[in-house]
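Written out below as structure tokens is the structure these notes cover.
The values are calculated or read from the model by the stated rules, or taken from the named source; none is laboratory data. What you are looking at is a predicted structure, and each value in this text was computed from that prediction instead of being measured. Note that each Cβ is placed from the backbone with ideal geometry, even for glycine, and that neighbours are counted across all protein chains shown. Each accessible area value is taken on the protein alone, full model and side chains, heavy atoms only, with ligands, DNA and RNA left out. Shrake-Rupley method; radii C 1.70, N 1.55, O 1.52, S 1.80 Å.
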Amino acid sequence: QSTWEFFLRENEKLASVRAVRVIRDAFVLTFLAEWGDRSQIATIAMGTSHNFMGVVLGGCIGHAVCTGVAVQGGILLASRISEKTVTLVGGILFLLFGIHEIIWG
């Protein structure tokens, strides 16, 4: 086996480990962020009166499309402004919405 073959095999292992980490992180982030939100409550309500597989498939497809649009929007946004700016503006908006909710509830 040549050094080149060894390098390619090791590089493939590293790439697959990175892919698994991205998938794991995206799953955990999405799962925790969505747990108990309004869309989940609406899905629970739909599940009580509609076909189980229809609700599951519709929810998965809807969430996948929504996530795909968000990722594409993030890619477009990142090409125009820095990540630091996005983080700063997002943090400020989060605080403003929190203050608004506290005052005007």
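Relative to the longest principal axis of the Cα atoms of the chain, the long axis of helix 83-104 lies at roughly 20 degrees. Ligands, DNA and RNA excluded, the heavy atoms of residue 100 present near 100 Å² of accessible surface to a 1.4 Å solvent probe. Taking P(r) over Cα pairs in 10 Å bins from 0, in percent straight from the coordinates, which label in (i) 16, 43, 23, 8, 7, 2; (ii) 11, 23, 31, 22, 10, 4, 1; (iii) 14, 43, 35, 8 is the correct one? The listed entry that was calculated here is (ii). Net length available on complete extension from residue 18 to residue 69 is 16.1 nm, with 0.36 nm assigned per residue and the Cα-Cα distance removed. Using the alpha-carbon atoms, what tilt in degrees (0 to 90, nearest 10) does helix 3-34 show relative to the longest principal axis of the chain? Around 10 degrees separate the two axes. Just the number, please: carbon plus sulfur as a percent of the accessible area of the stretch 44-105, 1.4 Å probe, no ligands or DNA/RNA counted. Roughly 77 percent of what the probe reaches on the stretch 44-105 is carbon or sulfur. Rg then Dmax, both in Å and based on the Cα atoms of the stretch 1-42: 18.1, 57.
On a 0 to 90 degree scale, rounded to 10, what angle separates helix 52-80 from the longest Cα axis of the chain? Approximately 70 degrees, to the nearest 10. Model label sites at residue 3 and residue 32, defined 7 Å from Cα along the beta-carbon direction, differ in position by 4.3 nm. The calculated 222 nm mean residue ellipticity attributable to helices in the chain amounts to -32000 deg cm²/dmol, summing -39500 (n - 2.57) over DSSP H runs of n ≥ 4 and dividing by all residues.
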